[in-house]
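Asks: Questions regarding the structure given below will be posed in turn.
The values are calculated or read from the model by the stated rules, or taken from the named source; none is laboratory data. Being a predicted model, the structure only gives us computed values, none of them experimental. Reconstructed Cβ throughout: ideal geometry from the backbone, glycine too, with neighbour counts over all protein chains shown. We work out accessible area using only protein heavy atoms, side chains counted, and drop any ligands, DNA or RNA first. Shrake-Rupley method; radii C 1.70, N 1.55, O 1.52, S 1.80 Å.
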Amino acid sequence: MARELVQRWRWLILPLLIALISIFAFSSGALRSIATDGALGLSEETLAKRIIVSQKCGSCHTLQARGLELQGTVGPDLTRQAQRNRSPHWLRRQLLEPKSIPDDEVLPGYEGKQKLMPPLTSLSEREIEALVDFLQTLG
């Protein structure tokens, strides 16, 4: 009886297994967060926004996008960061070693202020990647 039932419904078992594996892979973060269209995965965006809030980036930066309503005025506005065409390497360096960014690489009017930004060296590699990816989608 059980064998007959399996044979009858086997066309459903394989797609069901594929769906379950896909759901697990996406929810566990096992797959890369950036889709082919450049959109950020939901879990990576959530992580990036959580970091931005917990690190109090809004104390210095304005960021009016994706549910964030930050109103800082010391650092540059990050709302349209992607339009600045910064490379992932540059953004990573800005997050981890802000004092190493020369004045001629910052937005006019913010020269010297990169030295006020605390380095985010306590963040994990995944957290830094999430921030860089998130900043590159703001535009």
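Asks: Measure off 7 Å from each Cα along the Cα-to-Cβ vector at Gln83 and Arg66, then give the distance between these two points in nanometres to one decimal.
Replies: 1.7
Asks: Please compute the length gained on full extension between Ser100 and Lys113, using 0.36 nm multiplied by the number of residues separating them and subtracting their Cα-Cα distance.
Replies: Length gained, Ser100 through Lys113: 3.5 nm.
Asks: Given the protein chains as shown and a 1.4 Å probe, how many square angstrom of Leu116 are accessible, to the nearest 10?
Replies: Its accessible surface works out to 120 Å², give or take rounding.
Asks: Over the heavy atoms of Glu129, what accessible area does a 1.4 Å probe trace out, to the nearest 10 Å²?
Replies: For Glu129, solvent-accessible area is about 70 Å².
Asks: Leaving ligands, DNA and RNA out of it, report the carbon-plus-sulfur percent of the accessible area of the stretch 59-133 at a 1.4 Å probe.
Replies: Using a 1.4 Å probe with all protein chains present, the stretch 59-133 comes out at 53 percent carbon and sulfur.
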